[in-house]
Amino acid sequence: MPPADPTTMTGLELMLWVQRERPVDVPSIGRLLGLQFDEVEHGRVVISLDTRPDFANPLGNTHGGIAATLLDSVMGCAVHTTLGAGVGYTTLELKVNYIRTVPVDGRRLTAEGLVVHVGRRVATAEGKVLDERGKLVAHGSTTCLIL
């Protein structure tokens with residue numbers, strides 16, 4: 001856990017802490033999938049992972065849920081970077097467009113999330129997932145409820 005109570009940190013402070021400390025002892029989706037927080041700034045987050053055989057769908061390619069999870073993570077975390085201490089959010093809607101398949105042989109996927117709008121109760125963001133050649137794999141948008 002963070003050295004301080006995470007409810008006392010702004011969203012940006014918390015995301016920067018996660019990026020810096022990479023807490024491997026805390027169970028999370030990030031630990032499960034091997035997510036790396038590459039870049040964190042106000043309204044923008046970049047996360048990457050390497051595909052592996054465990055990510056395979058029945059056809060042997062990376063399951064679409066991996067791209068969806070990357071998008072949900074970067075877009076939600078981008079929204080989180082704009083929130084004050086003790087303020088949370090939850091995903092109300094996630095829209096994903098799949099563009100191409102990805103092998104499960106250690107390919108690097110990089111996702112970027114950008115905030116579009118943050119209001120008092122609702123925030124929106126957009127994101128994209130690129131493969132290691134810079135080719136678009138998936139893109140999407142989200143609507144988040146600010147709690």
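Readers should treat all values here as calculations from the given coordinates under stated rules, not as data from a laboratory. These figures come from a predicted structure and were not determined experimentally. Virtual Cβ from ideal backbone geometry, glycine too; neighbours counted across all protein chains shown.
General observations
- The calculated FRET efficiency for the pair GLU41 and ASP105, based on their C-beta separation and a Förster distance of 30 Å, comes to about 0.45.
- Spin-label model, ARG31/LEU145: points 7 Å from Cα along the beta carbon direction are separated by 2.8 nm.
- FRET efficiency, 1/(1 + (r/R0)^6) with R0 25 Å, evaluated for ASP5 and ARG120 via beta carbons: 0.55
- Per-residue [θ]222 nm for the chain (sum of -39500 (n - 2.57) over DSSP H runs n ≥ 4, rounded to 500): -7000 deg cm²/dmol
- Evaluated with a Cβ-only charge set (Lys, Arg +1; Asp, Glu -1), the stretch 58-147 carries a dipole of roughly 120 debye about its Cα centre, given to the nearest 20.
- Tail weight of P(r) past 15 Å, computed on alpha-carbon pairs of the stretch 96-147, percent: 52 percent
- Cα centroid separation, the stretch 76-111 to the stretch 26-62: 9 Å.
- Taking the three principal axes of the alpha carbon atoms in the stretch 29-82, the coordinate ranges are 39, 15, 13 Å, sorted in descending order.
- Debye, to nearest 20: dipole size of the stretch 1-67, +1 on Lys, Arg Cβ, -1 on Asp, Glu Cβ: 160 debye
- Percentage, to the nearest whole number, of Cα pairs in the stretch 6-146 over 22 Å apart: 35 percent
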